[in-house]
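Undergrad: Take this structure first; my questions come after.
The values are calculated or read from the model by the stated rules, or taken from the named source; none is laboratory data. Since we're looking at a predicted model, the values are computed, not measured. Glycine gets a Cβ as well: all are built from the backbone with ideal geometry, and neighbour counts include every protein chain shown. Accessible surface is based on the protein model in full, side chains and every heavy atom, while ligands, DNA and RNA are left aside. Shrake-Rupley method; radii C 1.70, N 1.55, O 1.52, S 1.80 Å.
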Amino acid sequence: MLEFNLTNEGGVEGTYRLLKNITGLWLVQQCKKVFERSGKKIEYAELVRLAKSAPALRSLVDPDDPRFMNPPDMPAAIQEFCRETGQPVPNSQGTLVRCALESLALKYQMVLESLEEVSAKRVEVIHIVGGGSRNALLNQFAADACNRPVMAGPVEATVLGNVLLQARACGEIGSLAELRAVVRNSCDVKAFEPKPAQVQGWIEGRGRFTGLLKTSGRPGA
């Protein structure tokens with residue numbers, strides 16, 4: 001647990017989950033903020049489109065590196081990391097966003113491996129909930145990097161959990177199993193299957209990703 005920086009988080013009715021926090025889409029959000037300093041608003045859909053057409057697995061970063069916590073210029077921080085680790089420096093909106101998304105997918109794979117080692121159980125399906133589940137490109141990257149199916153949704157997971165637990169407290173829902181069934185029957189969930197043609201490229205990317213973590217001094221962090 002300590003080696004992988006994992007913890008236990010308590011849940012409803014005595015449940016708990018094995019937890020590992022990852023920075024998430026913060027890198028993309030902060031890149032977008034810098035991109036818009038020119039005065040032109042950029043939609044996330046446009047950034048995803050640009051990332052999709054950028055070269056695959058060209059540059060990678062550790063999303064949890066301290067330099068990405070709140071830099072004044074996220075694109076510059078990403079470029080600095082790539083420069084320091086001897087990688088091609090992303091120099092466009094598409095390459096910067098793709099770097100962030102692919103790095104997140106590889107971090108997911110690393111954490112998944114840690115969770116399986118600690119629990120001695122194979123995770124058959126990955127669930128992505130919340131706002132990030134809207135990012136189809138990241139969902140597909142996650143499926144390919146982890147070589148597991150990804151189920152994306154619900155989007156408003158926090159709100160649903162809050163409302164349904166209140167309903168449970170009021171006696172409107174009889175059990176935790178029933179509560180989960182309500183979620184399943186009330187939300188659209190999209191499936192993303194790993195693409196066999198992409199798996200080898202992600203395996204090679206994982207090797208590079210692990211190496212650059214060691215270079216930056218954060219192996220397995």
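Undergrad: May I ask you to list the residues in the stretch 58-69 that are of a type outside the set (Phe, Trp, Tyr) and touching a helix residue (DSSP H, G or I) at 6+ places or on another chain (Cβ under 8 Å)?
TA: Once the filter is applied, which keeps residues that are of a type outside the set (Phe, Trp, Tyr) and touching a helix residue (DSSP H, G or I) at 6+ places or on another chain (Cβ under 8 Å), the stretch 58-69 yields ARG58, SER59, LEU60, VAL61, ASP62, PRO63, ASP64, ASP65, ARG67.
Undergrad: If we keep just the residues of the stretch 26-47 that are open to solvent by 40 Å² or more (accessible area, probe 1.4 Å) and hydrophobic (A, V, I, L, M, F, W, C), which is nearest to GLU102 (Cα to Cα)?
TA: Restricting to residues being open to solvent by 40 Å² or more (accessible area, probe 1.4 Å) and hydrophobic (A, V, I, L, M, F, W, C), the top hit is TRP26.
Undergrad: Which of the helices (runs of 4 or more DSSP H) found entirely inside the stretch 95-205 contain at least 2 residues meeting this: open to solvent by 40 Å² or more (accessible area, probe 1.4 Å), among the β-branched types (Val, Ile, Thr) and out of contact with any helix residue (DSSP H, G or I) (no Cβ under 9 Å at 6 or more places or on another chain)?
TA: 157-169
Results for (1) in contact with a strand residue (DSSP E or B) (Cβ under 9 Å, 6 or more places away or on another chain); (2) under 27 Å from GLU113 (Cβ atoms), shown as yes or no for each residue.
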residue	(1), (2)
ASN5	no, yes
VAL12	no, no
ASN21	yes, yes
TRP26	no, yes
GLN29	no, yes
VAL34	no, no
LEU57	no, yes
VAL61	no, yes
PRO71	no, no
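Undergrad: Quickly run through the stretch 62-94 and pick out the residues that are open to solvent by 50 Å² or more (accessible area, probe 1.4 Å), under 13 Å from GLN30 (Cα atoms), not in a loop (DSSP other than H, G, I, E, B) and not charged (D, E, K, R).
TA: Answer for the stretch 62-94, where residues must be open to solvent by 50 Å² or more (accessible area, probe 1.4 Å), under 13 Å from GLN30 (Cα atoms), not in a loop (DSSP other than H, G, I, E, B) and not charged (D, E, K, R): just GLN93.
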